[in-house]
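First up is the structure itself, then whatever we jot down about it.
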Amino acid sequence: MQVSTEESVRLAAAAAADKLADDIVAVDVTSVFALVDAFVLCTANNPRQADAVINEVEHRMRAAGAKRLTREGDPSSGWVLIDFGDVVVHVLLPEQRAEYGLERLWRDCPTIDLRRPEAAS
């Protein structure tokens, strides 16, 4: 079972939210990258919470049929990237989120509304 990019984005964002990640943002990067459709960015307050967010995202994506291609970084480093092919999830600690400013890098790309479709109406 393959889920759509939009479903994957919402699933990853919901998993992060359930582990109390902050500032969850999804960015449509199809105009910038040929192999990736979306980035999901979130902030964890400490390495332990980052580990919980990462594990929950991986668990839910796997349960939905998504295959993790790679995972880079370590929660103690402040930035972990999880590549699911069409969706890449970035889990950052507050210092790294502020320092790297990923939203600024992709400010020309549209954000993805993470509200449920029925809630967005």
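Of the trypsin sites (Lys or Arg not before Pro) found in the range 1-77, those in coil by DSSP whose Cβ has at most 10 other Cβ atoms within 10 Å are LYS67. For the range 1-43 versus the range 53-84, the spacing of their alpha-carbon centroids is 11 Å. Computed from backbone phi, the HN-Hα couplings of the range 72-89 come to 10, x, 9, x, 6, 7, x, 8, 10, 10, 10, 9, 10, x, 6, 10, 10, 9 Hz, rounded to whole numbers (Karplus: 6.51 cos²θ - 1.76 cosθ + 1.60, θ = phi - 60°; Gly and Pro given as x). Taking every DSSP helix (H) stretch of at least 4 residues in the chain, weighting each as -39,500 (n - 2.57) and dividing the sum by the residue count yields a mean residue ellipticity at 222 nm of -11000 deg cm²/dmol. Count Lys and Arg as plus one, Asp and Glu as minus one, and take only other residues whose Cβ is under 12 Å from that of HIS90; the net charge is then -2. Using Cβ point charges alone (K and R +1, D and E -1), the dipole size of the range 5-113 about the Cα centre works out to roughly 260 debye. Can you compute the label reach from GLN2? Point 7 Å from Cα along the Cβ direction, backbone N cut-off under 16 Å, restricted to the range 22-58. In the range 22-58, the label zone of GLN2 (backbone N under 16 Å from the point 7 Å along Cα→Cβ) covers 35-38.
Think of the chain as a dipole: +1 on every Lys or Arg Cβ, -1 on every Asp or Glu Cβ, centred on the Cα centre; then among VAL9, VAL89, VAL53, VAL53 lies furthest on the positive end.
Residues in the range 95-106 carry Karplus couplings, in order, of 4, 5, 4, 5, 5, 8, x, 4, 4, 5, 4, 10 Hz; the curve used is 6.51 cos²θ - 1.76 cosθ + 1.60 with θ = phi - 60°, and Gly or Pro positions show x.
None of the figures in this text is laboratory data; all of them are computed from the coordinates on show. Quick caveat: nothing in here was measured; it's all calculated off a predicted structure. All Cβ positions, even for glycine, are placed from backbone atoms using ideal geometry, and neighbour counts span all protein chains on display.
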